[in-house]
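For reference, the structure is listed below as structure tokens.
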Amino acid sequence: MTVKVRFAPSPTGKLHVGNIRTALVNWLFAKSQDGVFVLRIDDTDLERSTKENEDGIRADLSWLGMTWDDTFKQSEKFDRYSQAAEQLKAKGLLYACYETPEELERRKKIAQSRGKPPVYDRAALELTADDRKTLEAEGRKPHWRFKLSGGRAEWNDLVRGQQSIDTASVSDPVLIREDGSFLYTMPSVVDDIDAKITHVIRGEDHVTNSGAQIEIFLALGAQPPEMAHMPLLIGADGQGLSKRLGSLSAEQLRNEGYEPMAILSLLAKIGTSDPVEARESLAQLAMEFAFSKMGRAPARFDENELNGLNAQIVHGMSFDAVKPRLAKLP
Ligand code: GLU
């Protein structure tokens, strides 16, 4: 089996440090397994996605040396997503809902005041065809939710070990908005099926999503891929990322004179059992990569450490190689 992974940024902003780390872990794992690295552009949100950001992401990945073996955009696949949605509807697993955001908010508050979890109550499942007609005649448009099984979604995470999500404790996710546009959840699964992705590697903020997505894979008749959820980045002080680090982009790092290998060495090693040391090439980092080295604690991103690695790398370079870079420094 050839390993095939994807890095799936949304072109709604620049490539920031957290994205670079996700791309890097995908890239290193793929290359360590002689596998394939796919760049998928998650541009289902047509209003917030821009060509400029997409071009920027491609330029940043190229600058960092993380070239891709294949690439595509979700906006090219809307017909395919509609087809998958029809498949789910036919199975009764995608149902129309008509609540307004205000109604949902009110119900959430009532549930909370009764000590119940703020989970969608599935009232829309009780609607008859006539009820729906009446609502639509009033001008209401449906949004569509995926019907979770209410059982447990389980997987053996390459970083977190055995995972079990109680799908009864989360709301049925909305897959399609009132205006007919797709949210990220289902297109991602459809793409992973179509591209035959073998491993989904992303941040641990997606763990709950994975529960729903595993059920969507199964509902569409596919076996879910292996999954790895990485702990998030934190600042040197052990707190969440500072405002600067949270939005620090590849472009900014480049303009500030950082070497790609300083950034990549740091991001490959933090949160792992390896020491943080400068490496000369991505190939070397790939050779040293293993999920078993990755811990479950958040990874500390320390700018001083980045400066140290950068100095070490620049000192090791010939003057001719450094000269054009010096000219760029402020
Ligand atoms: N576009 C999603 C994100 O940036 C992709 C998540 C995934 O890897 O599935 O969060």
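The values are calculated or read from the model by the stated rules, or taken from the named source; none is laboratory data. Every value quoted in this text rests on a predicted model; they were computed, and no experiment measured them. So basically every Cβ, Gly included, is an ideal-geometry build from the backbone, and we count neighbours across all protein chains shown. For accessibility, only protein heavy atoms count, side chains too; no ligands or nucleic acids. Shrake-Rupley method; radii C 1.70, N 1.55, O 1.52, S 1.80 Å.
Report in % the part of the accessible area of the range 1-57 that belongs to carbon and sulfur, leaving out ligands and nucleic acids; probe 1.4 Å.
Values: 1000 of 2260 Å².
Of all accessible area on the range 1-57, carbon and sulfur atoms account for 44 percent.
Report the gain in length on full extension from A90 to K196: 0.36 nm times residue separation, minus Cα-Cα distance, nm rounded to one decimal. Walk me through the intermediate numbers first.
On the way: separation 106, 0.36 × 106 = 38.16 nm, distance 2.39 nm.
Using 0.36 nm per residue and subtracting the Cα-Cα distance, I get 35.8 nm.
Quick check for you: with a 1.4 Å probe and neighbouring chains kept, what is the accessible area per residue of the range 123-220, in Å²?
Using a 1.4 Å probe on heavy atoms only, each residue of the range 123-220 averages 45 Å².
Pick from R152, R244, R279 the residue whose mean-square fluctuation is largest in a GNM of the chain, springs joining Cα atoms under 10 Å.
Its mean-square fluctuation being the largest, the pick is R244.
Considering only Cα-Cα distances, which of the following residue pairs are longer than 31 Å: K4/K293; K14/K116; K269/K323; K73/K108; K116/K269; K51/K243?
K14/K116; K73/K108; K116/K269
How much net charge surrounds W144 when only the other residues with a Cβ under 14 Å from the Cβ of W144 are counted, with Lys and Arg +1 and Asp and Glu -1? Provide the component values of the computation, followed by the final result.
Details: positive: K89, K91, R122, R132, R140, K141, R145, K147, R177; negative: E86, E99, E136, D172, E178, D179.
Spelling it out: positives minus negatives among the neighbours equals +3.
Quick one: accessible area per residue over the range 72-116, 1.4 Å probe, rounded to a whole number of Å²?
I get 63 Å² per residue for the range 72-116.
Build a GNM of the chain with springs between Cα atoms under 10 Å: which of I110, I263, I165 gets the top mean-square fluctuation?
Maximum fluctuation in the GNM of the chain, among the listed residues, is at I110.
If a paramagnetic tag sat 7 Å from the Cα of L220 along the Cα-Cβ line, which residues of the range 62-77 would have the backbone N under 12 Å from that point?
It comes to 77, nothing else.
Taking the solvent-accessible surface of protein heavy atoms with a 1.4 Å probe, what is the per residue accessible area of the range 1-64 in Å²?
39
State the percentage of accessible surface on the range 207-318 attributable to carbon and sulfur atoms; use a 1.4 Å probe and exclude ligands, DNA and RNA.
50
Provide the net charge surrounding Y95, with neighbours chosen by a C-beta distance below 9 Å and charges set as Lys +1, Arg +1, Asp -1, Glu -1. Please report the intermediate quantities before stating the final value.
Numbers: positive: K89, R122, R145, K147; negative: D172.
Computed value for this residue: +3.
Tell me the net charge near P298. Cut-off is 14 Å between Cβ atoms, P298 excluded, with +1 for each Lys or Arg and -1 for each Asp or Glu.
Neighbourhood net charge equals 0.
If you roll a 1.4 angstrom probe over the protein chains with everything in place, what fraction of the accessible area of the range 117-168 belongs to carbon and sulfur, to the nearest %?
Of the solvent-accessible surface of the range 117-168, carbon and sulfur hold 47 percent.
Mean residue ellipticity at 222 nm from the helices of the chain, using -39,500 (n - 2.57) per DSSP H segment of n ≥ 4 over the full residue count, to the nearest 500 deg cm²/dmol?
Rounded to the nearest 500, it is -12500 deg cm²/dmol.
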